[in-house]
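The values are calculated or read from the model by the stated rules, or taken from the named source; none is laboratory data. Computed from a prediction, not measured in an experiment: that's the story for all the values here. In this analysis, Cβ positions are derived from the backbone assuming ideal geometry, glycine residues included, and neighbour counts consider all displayed protein chains. We work out accessible area using only protein heavy atoms, side chains counted, and drop any ligands, DNA or RNA first. Shrake-Rupley method; radii C 1.70, N 1.55, O 1.52, S 1.80 Å.
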Amino acid sequence: MSAIFNFSSLMTVTLLSICTTAYLREMKPSIFDNGMEQVPGQPLIKRKGFSGFCWKLSRIGERLSPFISISCILMALHVLYKK
C-alpha cells in the first residue's frame with residue numbers, strides 16, 4: 001500500500017523527512033540555500049523548489065525539536081508494537 005493512503009506510513013515518512021533534513025542542515029548549514037530568491041521591494045527571501053521545501057522541513061525540525069522527538073518515539077513504539 002502506498003504511504004499516501006495509509007496514515008501511519010504517511011506520518012512515518014513525514015517524521016523521517018523532517019528529521020533527515022534537520023540533521024543535514026545541522027551538518028552543512030548552506031545545503032538548502034540554492035533555491036533562494038530575493039523579491040524586489042521586500043525584505044524577505046523566497047525559497048522555491050525542492051530545496052525550499054527541504055529548508056522548510058528542516059526549519060520545522062529545528063524549531064519544534066522536542067515535539068518532533070516525542071513524535072518519533074511514539075511512532076517507533078507504534079511501528080514496533082501495533083503493526
Per-residue counts of other Cβ atoms within 10 Å, averaged by peptide: what ranking do you get for 21-33, 48-60, 70-82, highest first?
48-60, 21-33, 70-82
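Determine the share of the chain's accessible area contributed by carbon and sulfur atoms, expressed in whole percent, with a 1.4 angstrom probe.
Accessible surface attributable to carbon and sulfur in the chain totals 68 percent.
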How much mean residue ellipticity at 222 nm does the chain get from its helices, if each DSSP H run of length 4 or more adds -39500 (n - 2.57) and you divide by all residues, to the nearest 500 deg cm²/dmol?
-21500 deg cm²/dmol
Using a simple spin-label model with points 7 Å from Cα along the Cα→Cβ vector, what separation in nm is obtained for L77 and R59?
3.2
What percentages make up the Cα-Cα pair-distance distribution of the chain when the bins are 10 Å wide from 0?
17, 38, 29, 13, 3, 0
Averaged per residue, what accessible surface does the chain expose to a 1.4 Å probe, in Å²?
76
